[in-house]
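The values are calculated or read from the model by the stated rules, or taken from the named source; none is laboratory data. Only a predicted model underlies this, so the values are computations on that prediction, with no experimental measurement involved. Neighbour counts run over all protein chains shown; Cβ positions are idealised from the backbone, glycine included. For the accessible areas, the whole protein counts, side chains as well, though only heavy atoms, and no ligand, DNA or RNA atoms are used. Shrake-Rupley method; radii C 1.70, N 1.55, O 1.52, S 1.80 Å.
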Amino acid sequence: MKRVIPVLALGAVLLAALPAHATDNGPARRDGYGTKAVYSPGQNPRTYQQAPAGYTAVFTENVSRHGSRSATDGEDGDMVLALWNQAAADNELTPLGRRFGPDVRALEAAMSTLGYGNLSGRGKDELRATAVRLEKRLPGLFSSIAKNGEKIDVVSSGQGRAVDSGTVFTAALTDADPALKASLGTARTDKDLLYFHKSAGGAQYQKWLAGDERLASTLESVTYRPATHRAAARVLGRIFEPAFVRRVVDGEFSATASDVTAARAVYNLYAIAPAMSEESPNGGGWDFDRYLAPRDAAWFGYLSDAEDFYEKGPSFADSDITYKMAAPLLDDLFRQVEARRDGTSTLGAELRFTHAEEIIPLAALMGLPGSEKPAKPGRTYSYANNPWRGAEVASLASNIQWDVFRRGDDYLVRMLCNEKEVAFKAGCRPVSKGSRFYDLDELEKCFDRS
């Protein structure tokens, strides 16, 4: 029998994925976190369009980034603490700066205890909440899966945080409906599909990333401009007295950090702190906002976005090197739906767990809203000339989901990005004007599946 979740408990689960800090001051503030932004569902489920009359949900699939996590290593903390210790010894800390060292040590200790790169408590909450909303969105589908003995396939990149994301997600599904436990297969790993940026299929990309001169010069020109040095001085000036900031700028500590690398390390700690909110001393979050003024967080967030845009996203207009390697993943999305249509699959759901390095190229390859515009020749990517934002394309726990509906021999597909209904790329025609439902035959033609 399907378990009924108490209303208050369900409400807590559904709200658990909402960020405590990242959206308090609107989209501009959220952009400042780049792809480290914590997850926020993009649409109220009550506003989803209903499937056309006579259509029933028969399949769902996703590609999900792992949830919020700790930093992948302690390099940033080590860098800024080395400077902080020197400044403390030289009596060159500001009153606010005296609090910075203990705050960094506490955050680093929490991340080390959790394990660098591992899912945080907030990350687990994000995945549980997304799973519960999925089950609530398609209750008839999951009841049918359990009743008819259909299967739910779970596949990940094999990296710890992706594996754990699949485990947490499916546990939430079976908590919502225990009858689904019999439908879960053994979770499996497919590195070529879900870690392609470091697999054999990404060999050409890896070579380009390591040695392309245009990429290197573009990122150099984006990063080391006067505005960045000014922002770095302001960030360091909150922590260190002016004389010490000047010593950093003049290169006295170049073996440890430059002004820009030190300020980016402070920014990186600021950006990861919301993902670690449940591991803070009182569970209420870390107050790293005080170490960066909003305009400086926004600037370093832009620099992070520019790097991801050029290295993983739409990038340069005359090249598809960053995203063509996502083709097998897009093919798998179609292949699973087509197998369901053709009667060659007993799957009711295909659940994939991966990383930003896969979500970002897939979004670009599919031409998703906000991911379809490369940098024009002679123009550098900026927030003013391009809609691409890391916080929207590939936040922590970001996801792309396809829901499939059937009426007789006809199949419709609806796509959600971060749980917001979105259109397929330009040229794909929905079943009616303004609809988010697309005939499978139309999508196959639009994506040249012939």
Legend entry - Residue that is touching a Leu at 6+ places or on another chain (Cβ under 9 Å), part of a helix (DSSP H, G or I) and open to solvent by 50 Å² or more (accessible area, probe 1.4 Å), where the choices are Arg230, Arg234: Arg234
Legend entry - Arg379 part of a loop (DSSP other than H, G, I, E, B), surrounded by fewer than 19 Cβ atoms within 10 Å (Cβ to Cβ), of a type outside the set (A, V, I, L, M) and out of contact with any helix residue (DSSP H, G or I) (no Cβ under 7 Å at 6 or more places or on another chain): yes
Inset, instruction - Note down all Cβ pairs under 7 Å where the first residue falls in the stretch 115-133 and is without any contact (Cβ under 8 Å) to a residue 40 or more places away in the chain and closer than 20 Å to Ile400 by Cα, the second is open to solvent by 10 Å² or more (accessible area, probe 1.4 Å) and not β-branched (Val, Ile, Thr), and they're at least six residues apart or on different chains. - result: none
Inset, instruction - Only residues that are over 22 Å from Ala162 (Cα atoms), among the hydrophobic types (A, V, I, L, M, F, W, C) and buried (at least 17 other Cβ atoms within 10 Å of the Cβ): list them for the stretch 50-78, please. - result: Ala51, Ala57, Val58, Phe59
Legend entry - Given (1) on the phi < 0 side of the Ramachandran plot; (2) of a type outside the set (A, V, I, L, M); (3) out of contact with any Asp or Glu (no Cβ under 6 Å at 6 or more places or on another chain), index of the condition Thr346 fails: (3)
Inset, instruction - Would you be able to say whether some residue in the stretch 320-339 is within 18 Å of Asp153 (Cα to Cα), among the hydroxyl-bearing types (Ser, Thr, Tyr), touching a helix residue (DSSP H, G or I) at 6+ places or on another chain (Cβ under 7 Å) and crowded, with 22+ Cβ neighbours inside 10 Å? - result: no
Inset, instruction - Tell me which of these Lys207 doesn't satisfy, since it passes every other one: (1) within 23 Å of the chain's Cα centre (by Cα); (2) open to solvent by 50 Å² or more (accessible area, probe 1.4 Å). - result: (1)
Inset, instruction - Confirm whether Arg214 is open to solvent by 50 Å² or more (accessible area, probe 1.4 Å) and in contact (Cβ under 8 Å) with a residue 40 or more places away in the chain. - result: yes
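Residues checked against (1) over 29 Å from Gly166 (Cβ atoms); (2) surrounded by 17 or more Cβ atoms within 10 Å (Cβ to Cβ); (3) at pLDDT 95 or above:
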site: Lys36; (1), (2), (3): no, yes, yes
site: Gly42; (1), (2), (3): no, no, yes
site: Tyr48; (1), (2), (3): no, no, yes
site: Val80; (1), (2), (3): yes, yes, yes
site: Ala89; (1), (2), (3): yes, no, yes
site: Ala109; (1), (2), (3): no, no, yes
site: Val132; (1), (2), (3): no, yes, yes
Inset, instruction - Please find, among Glu444, Glu372, the residue that is over 30 Å from Arg29 (Cα atoms) and not in a strand (DSSP E or B). - result: Glu444
